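Contents: one structure, followed by commentary.
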Amino acid sequence: MIKSCRGTTRYLCLFSLCSMLSLGAMAQSPQPSAPEPVNPPFQRSIEDLNLKGAAASDPPFTDSILGLDTPIRSSLFRHGLLFRMGANADYIQNTLAAPVAADAQSYIGQRQFGAYSVNPVLTADLRQFGLRRTQLNINGHLQQGSWDQAQPAAWSICNLYLYKEFGEDRAELQLGYIATDFQFIGLQVGGQVASGAQGVYAVLPYEVGISYSPLTAPAITFKYRWDSGPYLKAAAQRASEPGSEQDALKRDALGLRFLPHGDKLVLIGEAGINRPAKAGKLQEWYRAGYIANNTPYTSLRTGLKKSGNYSGYLLADHQVWQPEQTKPGRGVYVGGSAMVVPADLNIYRLYYEARIYDEAPLHSRLADFASIVASYTAFSQDDLRNLAAAGKSYWHSSNSVTGSYTVHVARGTYLGLGLSYVNGPAVTPKVPSALTFTVQTSLFF
């Protein structure tokens with residue numbers, strides 16, 4: 001979801017002050033000298049408290065604005081704690097036409113759009129309780145946008161869960177309130193949180209009820225991986241009641257209600273092969289999955305309530321060029337996505353995507369990221385028949401091409417610039433095609 005720039009200056013001042021008081025990075029705490037045991041103790045690293053189990057990765061703590069060696073961060077780590085914060089701000093505007101009136105807006109960027117979000121995170125490794133490789137993760141989410149339909153104002157707990165590794169780290173279990181869109185599918189191009197402005201993305205999993213910030217949900221996830229790369233991952237999540245994000249936030253503003261009225265069950269299963277890049281070996285990630293939701297939706301065909309919503313998806317990413325073996329992750333990748341949902345229960349029914357991206361396109365800038373993404377989204381025929389019967393104009397589908405470049409400006413600071421050409425930027429009315437310009441900043445403290 002896009003985050004707003006309205007009040008960004010005020011937010012950044014407050015954000016920076018809070019960050020200076022609470023964050024920092026660590027050197028490992030010294031250990032008293034003692035005879036070497038028969039079985040050496042588990043060696044802890046501050047990176048053990050970074051994001052785990054997700055389909056995308058946060059930057060390491062060495063790549064944070066406050067760095068790795070602040071006294072506060074070191075002191076917290078000695079007690080098995082970590083506090084960090086991330087912030088994002090976006091600006092999007094169509095460059096082909098003058099802004100429309102507020103009551104005529106139908107897509108992001110048709111008027112100048114600004115958004116911001118703040119994500120404070122507290123992580124505890126629970127070693128005080130004798131629990132090895134176990135985390136407690138508490139993640140807040142503050143957001144505001146200049147167009148409520150795209151991003152309503154919210155303050156919620158978007159993650160509150162226990163994470164546990166078993167079996168020499170081959171198995172992972174998460175239990176609590178979880179944003180499951182960050183655990184499955186791999187929607188972030190290149191698998192990076194900071195990979196920048198990427199334009200249009202697939203909305204189909206969200207139509208089917210997968211949870212996301214700020215609309216988290218109680219869930220349990222389990223993943224098992226084999227050393228050769230194959231893995232299986234599954235989740236059971238309380239569904240969100242169908243409707244707008246604004247309505248959902250009114251029913252559960254903090255995000256901690258266990259069973260709001262009408263919500264049932266989402267089941268997610270994913271199988272894949274994920275082999276990281278190594279010297280002389282190219283990275284590859286293939287995955288396929290299925291999302292099932294038994295919450296009743298209003299049928300676009302009959303107007304009656306109907307269960308059985310689902311989404312099937314297939315994605316692949318493969319490294320095709322590795323310019324230097326000493327930095328195996330650097331290079332060019334290609335990928336594709338295909339997703340489908342029932343046309344009588346969802347407005348967006350089909351999604352295809354092709355992408356090519358370059359991690360560290362310049363030898364001297366190893367944290368930069370460039371991408372070109374082309375997408376096609378088909379709209380529900382049942383919804384289009386309803387629009388035609390009401391005398392409204394509409395697009396049959398939407399297709400887009402987006403080019404973006406993310407600059408690693410400084411430690412923990414990223415700036416993304418993107419340009420998207422979109423045919424069919426809204427289902428209805430049938431407005432002209434758009435060329436939207438995006439500026440995105442990501443800060444990691």
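Structure summary
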| quantity | calculated |
| --- | --- |
| Some residue of segment 148-169 being free of Cβ contacts under 8 Å to residues at least 60 places away in the same chain, closer than 30 Å to ALA104 by Cα, part of a loop (DSSP other than H, G, I, E, B) and in contact with a helix residue (DSSP H, G or I) (Cβ under 8 Å, 6 or more places away or on another chain) | no |
| Condition met for GLN192 (touching a residue at least 60 places away in the same chain (Cβ under 8 Å) and surrounded by fewer than 22 Cβ atoms within 10 Å (Cβ to Cβ)) | yes |
| Verdict on GLN151 being within 20 Å of GLU245 (Cα to Cα) and more than 14 Å from the chain's Cα centre (by Cα) | yes |
| Condition met for GLY190 (in a loop (DSSP other than H, G, I, E, B), under 21 Å from ARG275 (Cα atoms) and within 17 Å of the chain's Cα centre (by Cα)) | no |
| Flag for ARG287 being among the basic types (Lys, Arg), in a strand (DSSP E or B) and either touching an Asp or Glu at 6+ places or on another chain (Cβ under 8 Å) or at pLDDT 95 or above (or both) | yes |
| Residues within segment 105-127 that are part of a loop (DSSP other than H, G, I, E, B), under 21 Å from THR441 (Cα atoms) and in contact with an Asp or Glu (Cβ under 8 Å, 6 or more places away or on another chain), tallied | 0 |
| Within segment 265-284, tally of residues that are surrounded by 17 or more Cβ atoms within 10 Å (Cβ to Cβ), in a strand (DSSP E or B) and not charged (D, E, K, R) | 4 |
| Breaking point among (1) modelled with pLDDT of 90 or more; (2) out of contact with any Cys (no Cβ under 6 Å at 6 or more places or on another chain); (3) closer than 19 Å to ASP181 by Cβ, for GLN246 | (1) |
| Close pairs from segment 305-321: first at positive phi, partner among the small types (Gly, Ala, Ser), Cβ under 9 Å, at least 6 apart | GLY308/ALA292 |
| Strands (runs of 3 or more DSSP E) contained entirely in segment 308-408, each with at least 2 residues that are surrounded by fewer than 20 Cβ atoms within 10 Å (Cβ to Cβ) and β-branched (Val, Ile, Thr) | 331-340 |
| Some residue of segment 95-104 being surrounded by 13 or more Cβ atoms within 10 Å (Cβ to Cβ), in a loop (DSSP other than H, G, I, E, B), modelled with pLDDT of 90 or more and of a type in the set (S, T, N, Q) | no |
| Among the candidates ALA55, ALA87, ALA97, residue that is touching a helix residue (DSSP H, G or I) at 6+ places or on another chain (Cβ under 6 Å), among the aliphatic types (A, V, I, L, M) and in contact (Cβ under 8 Å) with a residue 60 or more places away in the chain | ALA87 |
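The values are calculated or read from the model by the stated rules, or taken from the named source; none is laboratory data. Everything quoted here is computed from the prediction, not taken from an experiment. Note that we place each Cβ from the backbone using ideal geometry, even for glycine, and neighbour counts take in every protein chain shown.
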